[in-house]
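What follows is a short report on a single structure.
The values are calculated or read from the model by the stated rules, or taken from the named source; none is laboratory data. These figures come from a predicted structure and were not determined experimentally. Cβ: placed from backbone, ideal geometry, glycine included. Neighbour counts: every protein chain shown.
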Ligand code: SF4
Ligand code: SF3
């Protein structure tokens with residue numbers, strides 16, 4: 001195996017013997033083979049689309065497959081074998097008598113042993129001999145995985161965008177070709193454009209289905225009832241769980257990225273949605289332990305479970321871990337009764353926090369505050385907005401983000417989304433004339449809110465986004481953050497700082513291009529970065 005798709009990868013070599021994340025080498029290789037099979041399926045699907053055939057099954061499979069290879073979501077080799085076999089079925093169904101080599105892929109016609117042997121030949125090193133081309137292809141691939149994740153969530157709620165689908169197909173096909181670096185770069189930027197569309201689609205899907213997020217004080221305290229903890233990003237799973245737990249005496253708590261759900265009007269009507277428990281994903285071992293009740297993992301980030309809670313851990317959707325009970329959807333419904341029964345026999349959660357925090361600053365609420373923000377900017381009360389969206393993670397270097405937010409002058413406002421916020425959302429940074437200094441737009445899935453806000457502020461002031469008193473200090477961990485970064489670059493946002501380290505898959509040549517054209521740079525120390533980002537301390 002060789003995997004370097006996330007920030008935790010072993011520096012210098014990538015993960016080559018099992019992942020730092022806990023992914024085994026055979027699972028990592030099967031993920032590579034699944035991606036390889038998608039390249040062939042994309043070619044077959046493009047042809048079917050040109051022949052005006054219905055390709056919804058193919059798109060569904062491509063979307064789920066891309067999502068399933070994200071860091072920290074699915075660790076089970078059986079799942080990936082099943083998905084590779086499904087690629088084969090779909091390719092065969094589309095082949096219409098044509099030879100399999102026409103689709104440039106023979107990966108799926110193997111038994112398990114054959115698959116594992118083939119898998120060893122289709123990893124990232126096979127993408128190109130040229131370091132820069134390989135780097136651009138990896139950047140595209142990780143962007144496509146992020147795109148798959150966001151599109152999966154939108155599709156679950158019944159939303160579709162043919163342009164996003166077309167790009168997914170074309171992007172996958174480009175991975176199977178050796179083009180010029182300029183051509184591969186144009187696919188990378190195309191992925192950013194598809195990301196902008198897809199995030200807007202997901203925003204529409206979430207807000208039309210669950211209402212516009214409202215400014216909400218979310219309790220981090222616990223009640224005396226037994227509870228179920230739900231984590232990940234899937235709002236429909238939360239909806240089903242809340243429906244099925246209503247009137248049972250079991251409370252539901254959100255964890256990690258599910259915190260954002262507490263701001264949606266539809267979920268607020270459930271009294272037994274008790275608030276949020278804990279922090280970002282990397283603290284799950286201790287927090288799932290002290291929660292005492294069952295935990296439902298709907299998406300990433302799932303870490304290999306500790307023994308103290310593995311028998312009360314459940315996965316659903318694309319998430320999976322060998323030996324952990326998985327709740328499948330049957331006839332459009334997920335049956336959570338086993339989880340509810342288990343919860344009733346468990347103790348209430350052990351408290352972690354004794355406070356509440358404000359959330360719900362999605363595009364509509366921030367735009368509602370836009371006049372106040374603009375007034376505060378023109379009066380000098382707010383000197384700078386700093387976008388600190390992105391991921392949290394295990395690396396000790398991430399303490400930087402807490403130190404950075406504490407060091408920010410009191411006339412700065414943080415715009416955030418994603419689990420990165422847990423580094424500073426409990427610091428009590430206060431407000432500026434009623435504008436909270438941490439405006440939390442929601443999940444990483446809600447990053448488009450930040451873009452809409454930036455564009456609106458630019459429009460209202462007659463400035464470009466790059467002329468606004470706005471700085472970007474983004475933290476990345478996994479591949480959805482790659483897509484968000486590409487979306488920002490595609491929108492013309494310049495001088496983005498990323499950390500806690502630069503992606504290992506970006507070659508020196510590609511880094512030079514990103515730096516010269518977009519001013520993309522790595523973070524360093526808090527003091528130095530304040531200076532670079534024009535923040536007067
Ligand atoms: Fe390593 Fe990250 Fe890949 Fe896991 S997902 S194997 S930690 S690079
Ligand atoms: Fe977090 Fe995984 Fe990226 Fe959704 S839950 S932002 S890391």
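Which one is nearest to ligand 1 (Cβ to nearest atom), of the residues in region 1-18 that are closer than 23 Å to residue 82 by Cα and surrounded by 24 or more Cβ atoms within 10 Å (Cβ to Cβ)?
Selected residue: 3.
Having 2 or more residues that are in contact with a strand residue (DSSP E or B) (Cβ under 8 Å, 6 or more places away or on another chain) and not assigned by TED's automatic domain parsing to the domain that holds residue 243 is the bar; report the strands (runs of 3 or more DSSP E) wholly within region 253-348 that clear it.
none
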* Tell me which of these residue 397 doesn't satisfy, since it passes every other one: (1) part of a helix (DSSP H, G or I); (2) over 25 Å from the mean Cα position of the chain (by Cα). => (2)
* Identify the residue in region 442-481 that is in a loop (DSSP other than H, G, I, E, B) and free of Cβ contacts under 8 Å to residues at least 40 places away in the same chain and, among all such residues, is nearest to ligand 1 (Cβ to nearest atom). => 464
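Which of the residues belonging to region 7-25 are in a loop (DSSP other than H, G, I, E, B) and in contact with a strand residue (DSSP E or B) (Cβ under 9 Å, 6 or more places away or on another chain)?
First, pick out the residues of region 7-25 that are in a loop (DSSP other than H, G, I, E, B): 7-14, 16-24.
Scanning region 7-25 gives 7, 8, 9, 14, 16, 19, 21, 23.
Regarding residue 201, is this residue buried (at least 20 other Cβ atoms within 10 Å of the Cβ), free of Cβ contacts under 8 Å to residues at least 60 places away in the same chain and in the same structural domain as residue 46 (by TED's automatic domain parsing)? Even if it seems obvious, please write down each step before you answer.
Values: buried (at least 20 other Cβ atoms within 10 Å of the Cβ): yes; free of Cβ contacts under 8 Å to residues at least 60 places away in the same chain: yes; in the same structural domain as residue 46 (by TED's automatic domain parsing): yes.
Considered against the rule, which asks whether it is buried (at least 20 other Cβ atoms within 10 Å of the Cβ), free of Cβ contacts under 8 Å to residues at least 60 places away in the same chain and in the same structural domain as residue 46 (by TED's automatic domain parsing), residue 201 comes out as yes.
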* To do: Write out, first by first residue and then by second, each pair whose Cβ atoms fall under 8 Å of each other, whose residues are 6+ apart or on separate chains, and whose first residue, in region 1-26, is closer than 15 Å to residue 123 by Cβ while the second is within 9 Å of ligand 1 (Cβ to nearest atom) and modelled with pLDDT under 95.
  => 1/18; 24/18; 25/18
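Determine whether residue 195 is crowded, with 24+ Cβ neighbours inside 10 Å and either closer than 26 Å to residue 307 by Cα or assigned by TED's automatic domain parsing to the domain that holds residue 476 (or both).
On the way: crowded, with 24+ Cβ neighbours inside 10 Å: yes; either closer than 26 Å to residue 307 by Cα or assigned by TED's automatic domain parsing to the domain that holds residue 476 (or both): no.
No, not satisfied.
Name the single residue, out of those in region 64-80 being part of a helix (DSSP H, G or I) and under 11 Å from residue 31 (Cβ atoms), that is farthest from ligand 2 (Cβ to nearest atom).
From region 64-80, those part of a helix (DSSP H, G or I) are 64-68, 77-80; that's our starting set.
Cutting the leftovers down to under 11 Å from residue 31 (Cβ atoms) gives us 65-66, 68, 77, 79-80.
Working: 65: 19, 66: 16, 68: 14, 77: 22, 79: 19, 80: 20 Å.
Only one residue fits best here, namely 77.
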* Asked: residue 500 passes all but one of (1) over 23 Å from the mean Cα position of the chain (by Cα); (2) at pLDDT 95 or above; which number fails?
  -> (1)
